[in-house]
Every structure is written in C-alpha cells, then in structure tokens.
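Student: I have a structure I would like to understand better, so I am pasting it below and will then ask my questions one at a time.
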Amino acid sequence: GIHVSTASTATRQAYNNTVSNLTGGTGTTYGLSFQTSETQQVYTNTVRDITAGGTTYGLYFSGNNPTVYNNNVYNISTANQTLAGIYNQGAQTTNCYKNQVYNLTSTYSGASTMTVSGIQITAGTVGNYVYNNFISDIKVPNATVTTNALFGINASASGATTKIRLYYNTIYLNSTGT
C-alpha cells in the first residue's frame, strides 16, 4: 500500500490512487496509511481486494485537521479479529465524508474481543465530522464472541474533550454470525 509517516509541517495530499490486490501476512496490513501529526487531504482513492491474516486497515489516517472524502474501500478480508475499512484517528477538526466502504469480512473464530468496523473513530477534540458515507456488507461469519463484533460506524473515542458528530450516513449491515 501507500504509507506516509514523516514529521514536517507540509500538508499531505493523496488523490486518484488505486491500491489493490494486496496480500498481507499476520502483521498489520494498511491499504493507505497517513500517520503523521500534520494536515492530511485524502480523496478520490480506491482501496480494494486486500487479503490478510493480521489486523487490517483499508484507509488509516491521523493528523490535525484531516479531510478524507470520496474514497472507495471494498473487498477486504482478514483472518484476524480487527478490521476497519476507514480508521479515523484525526485530531482537531476532522472531516470524513462521501466515502463508500463495503464488503469487509473477518473470518476470525476465536473467543477474543472482535472489532470489525466500516468506519472506526478513535479521536477527535474540536470536532470529528463523519457524514454522507455509505457503509454496507460487513461480515463476521465465524464470530463466536459474546460482545459486539460488528459496527457500521464505531465511535470508540472517549475523553472529556471528544466531540464526534455523525450525520446522514447510510449503513446496511447484511451479516450473520454463529
């Protein structure tokens, strides 16, 4: 995939890229990864057809004031218990909108905690705006955990200053587990 992790004050932009047909091992696999503390603009990218055995992220971003929109993330599978189509760890004002995330599958069958999310939000201080996204077909066919395993949008960020705003997202979950 594409990985950016430099620490300079320049804005990072990634647009019109296609990351596809990746096979990952048992470590962490990223389609697109932007792990810096600076501003990011990630738009009109396609991340698709990824198969892995470890923790898997289609599009992972952090940074101050990131804007992530019009991306397509689909056909991603892992044998691990952690999978996110879009992993949102943005700080300050974050905008994540008009993305399509679909056909994510974890075949994990252990008893450990499991988190499979269309969009997972783990930070956000000034305002984390997640809106007009389409999320569908997230599957955990072998899930045996007794806690929640499947999330269209997983707003797991916490803290006194965390502000998450979810508006006008469409989520269609068509999944079964054991």
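Student: Please report how far the C-alpha centroid of segment 1-27 lies from that of segment 121-158, rounded to the nearest whole angstrom.
Tutor: So the separation of the two Cα centres works out to 21 Å.
Student: Next question. Which sequence of Lys98, Lys139, Lys163 reflects their accessible areas, 1.4 Å probe, from the largest down? Walk me through the numbers before you get to the answer.
Tutor: On the way: Lys98 110, Lys139 60, Lys163 85 Å².
These residues rank, largest area first, as Lys98, Lys163, Lys139.
Student: Taking the solvent-accessible surface of protein heavy atoms with a 1.4 Å probe, what is the per residue accessible area of the chain in Å²?
Tutor: On a per-residue basis, the chain sits at 44 Å².
Student: Could you list the chymotrypsin sites (Phe, Trp or Tyr not before Pro) in segment 69-178 that lie in coil according to DSSP, counting only those with at most 10 other Cβ atoms within 10 Å of their Cβ?
Tutor: Answer by residue number: Tyr168.
Student: If you don't mind, there's one more thing I want to ask. Kirkwood-based Rg over Rh for segment 1-155 (C-alpha set), two decimals? Intermediate values should be presented prior to the final figure.
Tutor: Values: Rg = 14.5 Å, Rh = 15.2 Å.
Result: Rg/Rh = 0.96.
Student: Below 13 angstrom from the Cβ of Thr125, what's the summed charge of the other residues (Lys, Arg +1; Asp, Glu -1)?
Tutor: Result for the local shell: +2.
Student: Given a 1.4 angstrom probe, I'd like the percentage of the accessible area of the chain that is carbon and sulfur, rounded to a whole number. Write down the numbers at each step before the final one.
Tutor: Numbers: 3490 of 7840 Å².
So the carbon and sulfur contribution to the accessible surface is 45 percent.
Student: With an 8 Å cut-off on Cα pairs and a minimum separation of 6 or more residues, tell me the relative contact order of segment 23-178 in percent.
Tutor: Relative contact order for segment 23-178 comes out at 19 percent.
The values are calculated or read from the model by the stated rules, or taken from the named source; none is laboratory data. Worth saying up front: this structure is predicted, and the values here are computed from it rather than measured. Methodologically, a virtual Cβ is constructed for each residue, glycine included, from the backbone with ideal geometry; neighbour enumeration extends over all protein chains shown. The accessibility values were calculated without ligands, DNA or RNA, using every heavy atom of the protein model including side chains. Shrake-Rupley method; radii C 1.70, N 1.55, O 1.52, S 1.80 Å.
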